[in-house]
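Working notes, structure below.
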Amino acid sequence: MDFSLAILDAWQASENSEASSKRLRVECSDEQRALVSLINALEGKFPACSRAQVEDAVCEEYAAFNSGPVRTMVPLFVEHAAVKRLRASLL
């Protein structure tokens with residue numbers, strides 16, 4: 001799954017008004033940077049997993065948290081869930 005495309009699709013699916021559109025664009029950009037940093041960090045933390053596995057874990061966990069109204073903690077929630085998923089994949 002292409003990470004940028006998955007994030008864009010998830011963002012577009014959550015967009016529901018013109019007023020929130022501008023706010024979501026800014027937050028999405030911040031979230032994207034945080035999630036790309038997370039992918040890079042997890043790739044180093046889980047060298048036995050391919051980058052595609054790490055991206056898939058992060059994208060799937062991001063999609064699960066993407067519909068919430070509070071955006072601040074989304075990258076942290078995604079990190080915890082992705083780490084749990086990647087650890088399980090190594091067992």
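Quick notes on this one:
- The residues of region 47-65 that are hydrophobic (A, V, I, L, M, F, W, C) and buried (at least 20 other Cβ atoms within 10 Å of the Cβ), listed by number, are VAL54, ALA57, VAL58, CYS59.
- Of the candidates VAL70, VAL83, the single residue that is surrounded by fewer than 11 Cβ atoms within 10 Å (Cβ to Cβ) and either modelled with pLDDT under 85 or in contact with a Leu (Cβ under 8 Å, 6 or more places away or on another chain) (or both) is VAL70.
- Any pair with Cβ under 8 angstrom, 6 or more apart, that starts in region 69-91 at a residue that is assigned to a loop (DSSP other than H, G, I, E, B) and ends at one that is open to solvent by less than 20 Å² (accessible area, probe 1.4 Å): ARG71/GLU31
- Qualifying residue in region 32-54 (condition: under 13 Å from the mean Cα position of the chain (by Cα) and modelled with pLDDT under 85): yes
The values are calculated or read from the model by the stated rules, or taken from the named source; none is laboratory data. Predicted model only: the values in this text are computed from it and were never measured. No Cβ is skipped: glycine too gets one built from the backbone with ideal geometry, and neighbour counts run over all protein chains shown. SASA here: full protein model, heavy atoms, side chains in, ligands and nucleic acids out. Shrake-Rupley method; radii C 1.70, N 1.55, O 1.52, S 1.80 Å.
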